[in-house]
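First the structure, in the form of structure tokens, and then the observations on it.
What follows is calculated from the coordinates using simple rules that are stated; it is not laboratory data. In this text, all values refer to a predicted model and were calculated from it rather than measured experimentally. All Cβ positions, even for glycine, are placed from backbone atoms using ideal geometry, and neighbour counts span all protein chains on display.
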Amino acid sequence: MIQSEDKTEILLVEDNERDAELTLRALTKRHLANKVVHVKDGVEALDFLFCRGAYAHRDSSQHPKVVLLDMKLPKVDGLEVLRALKSNEATKTIPVVVLTSSAEHRDILNSYQLGVNSYIVKPVDFENFSKAVSELGCYWVLLNERPE
């Protein structure tokens, strides 16, 4: 599923394999999955975004159109990834959509205080989950205009 990182449109940060597969399936259905990079923890997400570690060869001027970010991640949690992304001049304009199972008020509030663009609680059933991801992908990849 991982394509050339330099042409990434969506960075999917998701440790749950089932949720990642459902997300990729929904994006594929809308023909949006050909430029998705899936990482499984917060450290790998930061490495990708800041071109270090396994992603040191990546062109640092090429940013994803959107980051789909889970909150509950191993190694470095979603809030820390969001904090690092939004506090860096080079990456702060990358749209971040939290897509998580956490409906905790504290997580929602902290995410918005750190600059998240949208916070979505994952629907439990597949059909609603698929619809939500499809609509997210269409909006952030096809419709949203970003500064260059």
- Item | segment 80-119: GluC sites (Glu not before Pro) in DSSP loop, at most 16 other beta carbons within 10 Å | 89, 104
- Note on the structure: Counting sequence-distant residues (5 or more places) and residues on other chains, those with an amide H built under 5 Å from that of residue 73 are 78
- One finds the C-alpha centres of segment 4-59 and segment 130-148 to be spaced, in Å, by 15
- Binned at 10 Å from 0, what are the whole-percent values of the Cα-Cα distance distribution for segment 5-142, short to long? 13, 48, 35, 5
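Just list whichever of 86/122; 7/122; 65/92; 72/122; 40/75 have alpha carbons separated by over 20 Å in the model shown.
Details: 86/122 23 Å; 7/122 27 Å; 65/92 12 Å; 72/122 13 Å; 40/75 10 Å.
Too far apart for the 20 Å limit: 86/122; 7/122.
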- Query: Distance in nm between label sites at residue 28 and residue 16, each 7 Å beyond Cα in the beta-carbon direction?
  - Reply: 2.0
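Local charge sum around residue 141 (other residues, Cβ-Cβ under 14 Å, Lys/Arg +1, Asp/Glu -1)?
Details: positive: 7, 29, 30, 35, 65, 146; negative: 9, 135, 145.
Charge balance in the 14 Å sphere: +3.
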